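Okay, structure first, notes after.
The values are calculated or read from the model by the stated rules, or taken from the named source; none is laboratory data. All of these numbers come straight from a predicted model, not from anything done at the bench. Note that each Cβ is placed from the backbone with ideal geometry, even for glycine, and that neighbours are counted across all protein chains shown. Accessible surface is based on the protein model in full, side chains and every heavy atom, while ligands, DNA and RNA are left aside. Shrake-Rupley method; radii C 1.70, N 1.55, O 1.52, S 1.80 Å.
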Amino acid sequence: MSTTELPASHAELMDGVYRWQRHIYDLTRKYYLLGRDRLIEGLDVPPGSTVLELGCGTGRNIVLAARRYPDARFFGLDISAEMLETAGAAIAREGLSAKVSLARGDATDFDAGALFGVERFDRVFVSYSLSMIPGWEKTVSAALAALAPGGSLHVVDFGQQEGLPRWFRAMLRGWLRKFHVQPRASLREVLESESERTGAGFHFRTLYRGYAWLAVLGSPK
């Protein structure tokens, strides 16, 4: 596992939040981190490709993606050493250590070549991490900069629950704040602006009455 110098405050915060939560994270989050499997299905990874997950957490997504696309190589980045410990154990347990590499780093500013020995990736995906990352807009820019020609960036995260009752939205936001999670109201605008800046295609879907947003910049399935 590789590492680089990290912003101590956020790294320590995430380690503190997930030091114990990581042990039950996947069991509890499956009920409200909706759309993750749809994102993985839509990656449509060609054989021999490279795939990077930013904010890989416990490794749940990267394990599922590596199973689904057995002829690709996978790389996971996270700022939390605690989460990476859990991810590494999950990857080893599934017998995927030879095709999945992990590194500790800041998703807003990372050197993929130094961390992984790979400069560009055919697919980059970010699942429910932008809502936890300070300066998350920089993660979008960094992800696009890490794409190989013809590659695509895939994002799923909390929407604005625009089609759901107001009481539900208030209850969800209060629960998410306990974990330093904030749905990004400007997510669609930022992604669309970045697609225009880079010339990438932009595809956006609202899931579950706005509970989640799913976006692809580049060439989708």
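When ARG205 is evaluated against the numbered criteria (1) in contact with a Gly (Cβ under 9 Å, 6 or more places away or on another chain); (2) in a helix (DSSP H, G or I); (3) not aliphatic (A, V, I, L, M), which criterion, by number, is the only one it fails?
(2)
Filter region 159-209 for residues that are under 24 Å from GLY57 (Cβ atoms), of a type in the set (Phe, Trp, Tyr) and at pLDDT 95 or above and give the result.
PHE204, the sole residue that qualifies.
Can you find even one residue in region 166-177 that is open to solvent by 20 Å² or more (accessible area, probe 1.4 Å) and not in a helix (DSSP H, G or I)?
no
Can you pull out the helices (runs of 4 or more DSSP H) entirely within region 42-149 that have at least 3 residues that are open to solvent by 40 Å² or more (accessible area, probe 1.4 Å)?
In region 42-149, the matching helices (runs of 4 or more DSSP H) lie at 60-68, 81-93, 136-145.
Of the conditions (1) more than 15 Å from the chain's Cα centre (by Cα); (2) among the aromatic types (Phe, Trp, Tyr); (3) closer than 22 Å to LEU187 by Cβ, PHE116 fails just one. Which one is it?
Answer for PHE116: the failing condition is (3).
Scan region 178-202 residue by residue and report those that are part of a loop (DSSP other than H, G, I, E, B) and either open to solvent by less than 40 Å² (accessible area, probe 1.4 Å) or in contact with a strand residue (DSSP E or B) (Cβ under 9 Å, 6 or more places away or on another chain) (or both).
PHE179, VAL181, GLN182, PRO183, ARG184, ALA200, GLY201 - these are the residues of region 178-202 that are part of a loop (DSSP other than H, G, I, E, B) and either open to solvent by less than 40 Å² (accessible area, probe 1.4 Å) or in contact with a strand residue (DSSP E or B) (Cβ under 9 Å, 6 or more places away or on another chain) (or both).
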